[in-house]
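Note sheet for the following structure.
The values are calculated or read from the model by the stated rules, or taken from the named source; none is laboratory data. Just so it is clear, the model here is predicted, and its values are computed rather than measured. Heads up, the Cβs are rebuilt from the backbone with ideal geometry, glycines too, and the neighbour counts pull from every protein chain shown.
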Amino acid sequence: MKKKYYALPFLLLLCTLTACGGAAVQNKLDFFAMDTVMTFSAYADKSLLGGARDIVMNIESRVSTTLESSEVYALNRDGGGTVSGETAALLDTALTMCRATDGAFDVSIYPVVRAWGFTTGGEYRVPSFDETAALLEHVDYARIRLDGQSVTLPEGMEIDLGGVAKGYAGREAAAYLRKHGVTSGLLNLGGNVQTVGSKPDGSPWRVAIRDPNDPQSYAGVVEIRDKAAVTSGGYERCFEENGETYWHIMNPATGRPARNGVVSATVIADDGALCDALSTALFVMGAEKAERFWRSYGGFDMILITDDGETVVTPGLSYTPADSAPYTLRTLEP
């Protein structure tokens, strides 16, 4: 008997201004993009929110894996081609993160994730080890060739830029709003959060991190200004079969759900695309390797929740655990 669980509204719960203090936002815009409901709110003319939405929609139109008119769809179909400058820049960013994380983040894992049924919202399944092994022969970001705007994929390889696209879209939408004078805004790209400045009263935005063991509750609240916050958690998209739970975050080395002790990984940084890629990579790495990576790579903060009941937080964050959260807090030494 197979029990299915469908995607939750991503992974971060936003503290509302009513719950967290501060005045109500001036304008809000809800729309559907990148397979999720997004909410943009800001002290700005609503036409500016519409412009920010259009940026997200335009990015989706180029990098969607399922939209037949997209550039990424054409790359996967044809084994390569020439793409727009923005798509090339996004692919370059993604490949940079693939290299930096030594493949813990890998854009070529797409056929494996699809084989498990996580890309279509259809029938979830557990692929056989033989099927997985055959698919893994085509997983290797290092074999992707990007020369300017020309992309070449090895035979049998398909890519997915979804692991950086939301963060990138949030970054670009926020930059657009700042360019037009907006100093206070909150962009929720399906839980992938990008803030513009602070709240109107000057206080930081408060973002609540879902409890991975009880996604209707939260594990704690982090305060941020003018940064992105992105979480990867196994509870986002998962299914149960024969008493075992399988989630969508795959280990590119095994082609199976990543199980290295981390059940939720949140990354906070200036660059949403960096946050997007690293939240996946740190989940795959596990806590010890993630800590070593943080110390060596730098430029971001993180919150890791482990399967043994610990919350690991970097020292640069203002993080408050929820009173009801059953986790032991450990702040890393600088």
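Things worth noting here:
- Which listed residue is modelled with pLDDT of 95 or more, in contact with a helix residue (DSSP H, G or I) (Cβ under 8 Å, 6 or more places away or on another chain), surrounded by 20 or more Cβ atoms within 10 Å (Cβ to Cβ) and not acidic (Asp, Glu), from 59, 109: 59
- Among residues of the stretch 157-174 that are under 18 Å from residue 236 (Cβ atoms), those with a Cβ under 9 angstrom from a residue that is of a type in the set (Asp, Glu) and at pLDDT below 95, sequence gap 6+ or separate chain, pair up as 162/35.
- Counting residues in the stretch 291-303 that are touching a Lys or Arg at 6+ places or on another chain (Cβ under 6 Å), surrounded by 17 or more Cβ atoms within 10 Å (Cβ to Cβ) and touching a residue at least 40 places away in the same chain (Cβ under 8 Å) gives zero.
- When the stretch 297-327 is filtered for residues that are over 16 Å from residue 223 (Cα atoms) and in a loop (DSSP other than H, G, I, E, B), the ones remaining, listed by number, are 298, 299, 307, 308, 309, 323, 324, 325, 326, 327.
- Filtering the stretch 286-323 to residues that are more than 20 Å from residue 260 (Cα to Cα), out of contact with any Asp or Glu (no Cβ under 8 Å at 6 or more places or on another chain) and of a type in the set (A, V, I, L, M, F, W, C) leaves only 300.
- Test result for residue 206, at pLDDT 95 or above, within 25 Å of residue 327 (Cβ to Cβ), surrounded by fewer than 23 Cβ atoms within 10 Å (Cβ to Cβ) and touching a Gly at 6+ places or on another chain (Cβ under 9 Å): yes
Residues checked against (1) within 26 Å of residue 171 (Cα to Cα); (2) of a type in the set (Gly, Ala, Ser); (3) touching a residue at least 12 places away in the same chain (Cβ under 8 Å):
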{"site": "49", "(1), (2), (3)": "yes, no, yes"}
{"site": "68", "(1), (2), (3)": "yes, no, no"}
{"site": "94", "(1), (2), (3)": "yes, yes, yes"}
{"site": "97", "(1), (2), (3)": "yes, no, yes"}
{"site": "123", "(1), (2), (3)": "no, no, no"}
{"site": "129", "(1), (2), (3)": "no, no, no"}
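- The sole residue among 83, 126 that is out of contact with any helix residue (DSSP H, G or I) (no Cβ under 8 Å at 6 or more places or on another chain) and not charged (D, E, K, R) is 126.
- Flag if residue 207 is closer than 30 Å to residue 183 by Cα and within 18 Å of the chain's Cα centre (by Cα): yes
- Residue match in the stretch 229-239 (condition: closer than 23 Å to residue 132 by Cβ, surrounded by fewer than 21 Cβ atoms within 10 Å (Cβ to Cβ) and out of contact with any Ser or Thr (no Cβ under 9 Å at 6 or more places or on another chain)): no
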